[in-house]
Amino acid sequence: VQLQASGGGLVQAGGSLRLSCAASGSIASIKDMGWYRQAPGKQREFVARITGGGTTNYADSVKGRFTIAGDNAKNVVYLQMNSVKPEDTAVYYCAAAPATWMFNYWGQGTQVTVSS
């Protein structure tokens, strides 16, 4: 499975950004898709997850502001980021799981920078 993330950039606090993750390869083997992020000097942390059935989960820090959605026809997963905050600044990684919550495949990451 190959994952290509895009859509990062510089955005002002309170603004919006949409990340995309295009998946290719053995897509049929994937159960979950997700987004993680890693800020400078911090460990990678969970952001959002979506299952094949459409169930979603979010980190408390982004709940109500971020939305994960999938387009099965295009094999793309999106992360809509609204009301962004400076603490959302990080490299965002998309990930794919062949088993529930087992994220074994990772994209290359896309930088999101939120200015105050």
So what is the accessible area of the chain per residue, in Å², with the probe set to 1.4 Å?
51 Å²
Name the residues whose placed amide hydrogens come within less than 5 Å of the amide hydrogen of G25, ignoring near sequence neighbours (fewer than 5 apart) on the same chain.
Q2
Neighbourhood charge, 12 Å Cβ-Cβ cut-off, centred on F103 and excluding it, Lys, Arg +1 and Asp, Glu -1
+2
The chain: relative contact order as a whole-number percent, Cα under 8 Å and 6+ apart
37 percent
For V84, which sequence-distant residues (separation of 5 or more, or a different chain) have an amide H within less than 5 Å of its own amide H, given hydrogens modelled in the peptide plane?
G14, G15
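Could you list the trypsin sites (Lys or Arg not before Pro) in the range 32-64 that lie in coil according to DSSP, counting only those with at most 16 other Cβ atoms within 10 Å of their Cβ? Please list the in-between numbers first.
On the way: sites: R37, K42, R44, R49, K63; in loops: K42, R44, K63.
Of the trypsin sites (Lys or Arg not before Pro), the ones in loops of the range 32-64 whose Cβ has at most 16 other Cβ atoms within 10 Å are K42, R44, K63.
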The range 1-89: antiparallel DSSP beta bridges as a percent of all, rounded to 5:
100 percent
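How charged is the neighbourhood of Q12? Take every other residue with its Cβ under 13 Å from the Cβ of Q12, and add Lys/Arg as +1 and Asp/Glu as -1. All intermediate terms of the calculation are to be shown ahead of the outcome.
On the way: positive: K85; negative: D88.
Overall, the nearby charge balance is 0.
The values are calculated or read from the model by the stated rules, or taken from the named source; none is laboratory data. Because the structure is a prediction, the values reported are computed rather than measured. Don't worry about glycine lacking a Cβ; one is built from the backbone with ideal geometry, like all the others, and counts go over all protein chains shown. To get the accessible areas, we keep the full protein, side chains included, count just its heavy atoms, and leave off ligands, DNA and RNA. Shrake-Rupley method; radii C 1.70, N 1.55, O 1.52, S 1.80 Å.
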